[in-house]
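Notes follow once the structure below has been shown.
The values are calculated or read from the model by the stated rules, or taken from the named source; none is laboratory data. Here the structure is a predicted model, which is why all the values come from computation and not from measurement. Here the Cβ positions follow ideal geometry from the backbone for every residue, glycine too, while neighbour counts run over all protein chains shown.
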Amino acid sequence: MSFLETAVARRRERVLAEFGSLTGVERSVLLRCAREPRPVEDLMIMRDRADVCVVAEVKKASPSEGPIAPGSSASAQARRYAAGGAAALSVLTEPENFGGSFADLSDVVDAVELPIMCKDIIVDPIQLYMARASGADAVLLMISVLGASTPEYIDHAWELGLGPVLEVANLDELDLAGSFGAEVIAVNARDLHTLQVDKERQLEVVSEAASCCDTFVIAASGINTRADVEAAADAGADAVLVGTSLMRASDPEGALRALTGVLKRPKR
């Protein structure tokens, strides 16, 4: 099986083992314990910025790189990102390949006031409850994983107060995202079946998304340098998501500042 097929199967097993027994009442209690979600208008304020927003990611490992910062404090890293000028944060909650947890997400929510996205391999609605209960404002939904079920997850996310961010990796998935009424699209440069990065393909999809869809477009994965941010901006990205290079940086604030301030090109 490909990496994605294996990862999805393992995530299903672990989610069922950890959260499968939660009743409807228990899920409702989880939501009542969560902080109030930020208004959608607050999350979308990044649309009006003249510069490309940097979404800084908290992750301790990756399937392609292995351990990145396994002993790092999620909350401390989040505070460094906030100090460095991040517009929003992404927090990995998938444990098998990315070393994440919902505890990390909750810690980050308590540490900073920025908009926060839960990034996971979402395979079950209970993960949406856990994301909301942990304080997330948005959640990543992967079209490569959810396929035709994506609209159901979009609706469920909105019902729980989570802004859905649809991840696509190619033009076919972008077409699906458009048909699903996506408001925020993350274009992944990495093929999750092979784990290969194709920046040219990513920029092609970003450009198409920026020109034909009324969406907020994020270039995700493969962004390491200011030149990468500039290339994403030239293609039409509104934001870039950066994780590995910031997690490895000895000075995350300085590394993040070096990526900020790139002007977006006008939407067509």
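Some points to look at:
- Against the numbered list (1) more than 20 Å from A7 (Cβ to Cβ); (2) of a type in the set (A, V, I, L, M, F, W, C); (3) more than 17 Å from the chain's Cα centre (by Cα), L162 comes up short only at (3).
- Filter pass, G84 being of a type outside the set (D, E, K, R) and at positive phi: no
- Whichever residue in the range 235-268 is basic (K, R) and in a helix (DSSP H, G or I) and, among such residues, is nearest to A69 (Cα to Cα): R248
- Among the residues making up the range 191-232, those that are closer than 18 Å to L256 by Cβ and of a type in the set (D, E) are D228, E230.
- Considering residues of the range 213-234 that are assigned to a helix (DSSP H, G or I) and touching a residue at least 40 places away in the same chain (Cβ under 8 Å) only, the residue nearest to A88 (Cα to Cα): V229
- Test: residue in the range 149-160 that is touching a helix residue (DSSP H, G or I) at 6+ places or on another chain (Cβ under 9 Å) and under 21 Å from S62 (Cβ atoms): no
- Within the range 43-111, helices (runs of 4 or more DSSP H) holding 3 or more residues that are crowded, with 21+ Cβ neighbours inside 10 Å and under 15 Å from the mean Cα position of the chain (by Cα): 102-111
- Checking T194 against (1) in contact with an Asp or Glu (Cβ under 9 Å, 6 or more places away or on another chain); (2) surrounded by fewer than 17 Cβ atoms within 10 Å (Cβ to Cβ), the condition it does not meet: (1)
- Lone qualifier among E167, E159 - being of a type in the set (D, E, K, R), at pLDDT 95 or above and either in a strand (DSSP E or B) or surrounded by fewer than 19 Cβ atoms within 10 Å (Cβ to Cβ) (or both): E167
- Among the candidates L128, L105, residue that is touching a His at 6+ places or on another chain (Cβ under 7 Å), within 25 Å of L166 (Cβ to Cβ) and not aromatic (F, W, Y): L128
- Filtering the range 211-242 to residues that are surrounded by fewer than 24 Cβ atoms within 10 Å (Cβ to Cβ) and modelled with pLDDT of 90 or more leaves F216, N224, T225, R226, A227, D228, E230, A231, A233, D234, A235, G236.
- For the range 176-197, the set of residues classified as out of contact with any helix residue (DSSP H, G or I) (no Cβ under 9 Å at 6 or more places or on another chain) and not polar (S, T, N, Q) consists of A186, V197, listed by residue number.
- Hits in the range 243-268 - residues which are exposed (fewer than 15 other Cβ atoms within 10 Å of the Cβ), within 20 Å of I185 (Cα to Cα) and of a type in the set (D, E, K, R): R265, K267, R268
- For T6, the criteria (1) under 20 Å from the mean Cα position of the chain (by Cα); (2) of a type in the set (V, I, T); (3) at pLDDT 90 or above hold in every case but one, which is (1).
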